[in-house]
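The values are calculated or read from the model by the stated rules, or taken from the named source; none is laboratory data. The structure presented is a predicted model; accordingly, all values stated were derived computationally and were not measured. Note: ideal-geometry Cβ built from the backbone for every residue, glycine included; neighbour counts use all protein chains shown. The accessibility values were calculated without ligands, DNA or RNA, using every heavy atom of the protein model including side chains. Shrake-Rupley method; radii C 1.70, N 1.55, O 1.52, S 1.80 Å.
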Amino acid sequence: MCCGWSRSRGGAACRYSPAPPGSQAPRTSRRGPMLDHVIKGATVVDGTGVPAFVADVGIRDGRIAVVGTIHEESRTAEDAAGLVLAPGFVDPHTHYDAQLFWDPYATPSLNHGVTTVAGGNCGFTLAPLHPDRPQDADYTRRMMSKVEGMSLVALEEGAPWSWSSFGEYLDALEGRIAVNAGFMVGHCALRRYVMGPDAVGGQPTSKQLAEIVRLLHEAMDAGAWGFSTTQSSTHSDGDGRPVASRHARPKELIALSRAVGEHEGTQIEAIVAGCLDQFSDAEIDLFVEMSAAAGRPLNWNVLTVDAAVPERVPRQLTASERARKAGGRVVALTMPILTPMNMSLGTFCALNLIPGWGEILALPVPERIARLRDARVRAEMLRRAASKEAGVFRRLTNFGRYVIGDTYSAANEGLTGRVVRDIAAERGLDPFTCLVEICAEDDLRTVLWPMPTDNDPASWALRAETWGHEDVLLGGSDAGAHLDRMCGAPYTTRFLGDCLRGRKLVGLEQAVKMLTDDPARLFGLRERGRIQEGFHADLVLFDPERIDADKATLVHDLPGDSPRLDSRAIGVRAVWVNGVAAIRDDVVTGAVPGRVLRSGRDTRTVSTR
């Protein structure tokens, strides 16, 4: 369905003055078979962090054949003077598991230069599914709709659901995607396959645990990148019950981690409640033991950096320090931008995750409005929201700083774009009461945009410092999930624009390395993440004077006309995946050159021992 899109952008290329050539000096190409394509005179930022240099880059058979001065003929060529050529970006945390079936371009990530995505995170995957229980597919769809904010209609109509094993799921994507994609296998699916409905609330027998482990081995044999799980209190299934993996005890998690260590090119991704604020001692112990048992890296998300909570970063990175001493490695993902979130009192969003709020916001709308208009109920909600147990969600409770988005009633005419604090002052109300009254007039359909509280210079300085830690990696976009609430996919272009023309917290070469080679090395990607002869030709060509992301807008282009937030890429001239142009001036080309990346074949082992 995305082949018909016709998004475009204009603007001529602007000059960029590169730093002196680095260790990869350009050279004159030698004669060989004709090149497929040549990108001439680009400012090459190769992903290693060395200074940029001007060079031609030749592509042959999907790989980078030459980096230097090219005189030989090629089938096609283009002038890239004044433009930056970088390796394709690697997004380490996405949920494109379903979307790739109806959108092989993984939009908008591909538009923003992402050529490789890691999926199957947080313990949630669409496979394996038990062949004798068709109801498991329905359970999985409802769970994904609830916990990952995916349209249930899109899940039902957009994916074939023709697989049973994890390998069959990977095969269903093979040859039909425009990005490179690798997938963890989710703990919830493994448990459900073996234990059925007892996966929620039950403990496996020794025989069942052995079967869960065997199923994980089978998935990794087929190419799963490893194992993902969640213990987070925010993750509930379509019935409102804690998802299956939340019932697993450490013994089960360690057994699965050991299995990961028996396969080449694998690792672990895990979420616990403390990821949202600060880890408990038990959670640190668990991460350290899981990584050490596997001898593989474990990554988690998302590390929230806020100068108002200076103790958070040191506490969260304690897990990394202890893991290295124990023979493991724990890597924190953190976002280099502030991602706006689309809130509402009428639909499930982050507000539902504040302790004590979920049961109220899950009520039928008339009853919900009545409860919200009760001053005693609001007072208790605010008390719970300010408590320590609310963790990082405390940042969402400065209701005076909310901006009103779309409204739907005559009573709210003219409020769009206004700040709640100002409206509340005019009406003589406290901000939360004012917000509730506005939403009630719209039957709770009002769109709300909280202004970030951590957009201050001290928080940005702390972010820049944190990014330099050896166990901190940029990522955590959640692209493919929470589609109508947030749009994290454009973090790559927005970050580069900020580095070039905004806060300039990181130089261009280092910024590109953080988006390319660093995640490629964490996952052990073979010959990806750098512009280097012999590497796969995953490339992004962009205008350094313009590179950025447009604001997120709501579009209705999912199966069933379901909505999602989308964002145009600004200044991206072209994106190549395996040597084939997949994006030209923010428009998909129709080519599907991506590959399903399988562990062992496409990833090498990154051992922690």
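Quotient of the Cα radius of gyration of the chain and 2.2 N^0.38 Å, N being its number of residues: 0.96.
Using the Cα coordinates of region 513-609, the gyration tensor eigenvalues translate into equivalent-ellipsoid semi-axes of 28, 18, 15 Å, sorted from longest to shortest. In the context of the full protein assembly, HIS217 retains an accessible surface of approximately 40 Å², using a probe radius of 1.4 Å and ignoring ligands and nucleic acids.
Using only the alpha-carbon atoms of region 220-287 as identical scatterers, what base-10 log of I(q)/I(0) does the Debye formula give at q = 0.22, 0.23, 0.26 Å⁻¹? At q = 0.22, 0.23, 0.26 Å⁻¹ the computed log10 ratios are -1.00, -1.05, -1.17.
Computed over protein heavy atoms with a 1.4 Å probe, the accessible surface of region 86-222 works out to 26 Å² per residue.
Each 10 Å bin from 0 upward holds the following percent of the Cα-Cα pairs of region 399-493: 14, 33, 27, 20, 6, 0. At an R0 of 30 angstrom, the distance between the Cβ atoms of ARG214 and THR318 translates into a FRET efficiency of 0.30. Taking amide H as placed 1.01 Å from N in the peptide plane, ALA549 has its amide H under 5 Å from the amide H of ARG494, ILE570, each at least 5 places away in sequence or on another chain. Apolar share of the accessible surface for region 496-609: 46 percent from carbon plus sulfur atoms, 1.4 Å probe. Here the contact order of region 406-463, divided by its residue count and restricted to Cα pairs under 8 Å and six or more residues apart, works out to 38 percent.
Note on ARG609 and ALA461: the model spin-label points, each 7 Å out from Cα along the C-beta direction, lie 4.4 nm apart. ILE337 sits with roughly 20 Å² accessible to a 1.4 Å probe, with DNA, RNA and ligands left out of the calculation. With viscosity 1.002 mPa s and temperature 20 °C, the Kirkwood radius over alpha carbon pairs of region 41-192 converts through Stokes-Einstein to a diffusion coefficient of 120 µm²/s.
What shape does region 550-595 take by its C-alpha gyration tensor, where a ≥ b ≥ c are the square roots of the eigenvalues and a/c under 1.5 counts as rounded, a/b above b/c as prolate, and the rest as oblate? Taking the square roots of the gyration eigenvalues as a ≥ b ≥ c, region 550-595 is oblate. Other residues with beta-carbon under 10 Å from the beta-carbon of ALA118 carry, at +1 per Lys or Arg and -1 per Asp or Glu, a net charge of -2. Based on C-alpha pairs under 8 angstrom that are at least 6 apart in sequence, region 39-116 has a relative contact order of 31 percent.
Rg and Dmax over the alpha-carbon atoms of region 264-385 stand at 18.7, 58 Å.
Could you give the accessible area per residue of region 345-458, probe 1.4 Å, as a whole number in Å²?
48
Entry note, the chain: relative contact order of 21 percent, from Cα contacts under 8 Å with a spacing of 6+ residues.
Kindly give Rg over Rh for region 80-135, based on alpha-carbon atoms, with the Kirkwood expression for the hydrodynamic radius. Before the final figure, lay out each step's value.
Working: Rg = 15.8 Å, Rh = 13.5 Å.
Rounded to two decimals, Rg over Rh is 1.17.
Across all Cα pairs in region 156-300, the calculated P(r) in 10 Å bins from zero up to the longest distance comes to 11, 40, 37, 12, 1 percent per bin.
When only alpha carbons of region 440-482 are considered, Rg and Dmax amount to 16.6, 50 Å. Sorting the segments 136-143, 309-316 by their mean number of nearby beta carbons within 10 angstrom, highest to lowest, gives 136-143, 309-316. Sequentially through region 466-481, phi angles give Karplus couplings (6.51, -1.76, 1.60; θ = phi - 60°) of 5, 4, x, 6, 5, 10, 10, 10, 6, x, x, 5, 6, 3, x, 10 Hz, Gly and Pro residues having no value and appearing as x. Taken one residue at a time, the phi angles of region 410-426 give Karplus couplings (6.51, -1.76, 1.60, θ = phi - 60°) of 4, 5, 9, 4, x, 8, 4, x, 8, 8, 4, 3, 5, 5, 4, 5, 5 Hz. Gly and Pro are set to x.
Backbone phi angles across region 146-160, fed through the Karplus curve with coefficients 6.51, -1.76 and 1.60 (θ = phi - 60°), yield HN-Hα couplings of 6, 7, 10, x, 9, 5, 5, 4, 4, 5, 6, 9, x, 10, x Hz in residue order; Gly and Pro are listed as x.
Taking amide H atoms as placed 1.01 Å from N in the peptide plane, the amide H of ALA582 lies under 5 Å from those of VAL575, TRP576, VAL577, each 5 or more residues away in sequence or on another chain. Working value for region 170-244: equivalent-ellipsoid semi-axes of 25, 17, 10 Å, each the square root of 5 times a Cα gyration tensor eigenvalue, largest first.
Under 5 Å from the amide H of VAL331 lie the amide H atoms of LEU298, ASN299, TRP300, each residue being 5 or more positions distant or on a separate chain, with H modelled from the backbone and absent for Pro and chain starts.
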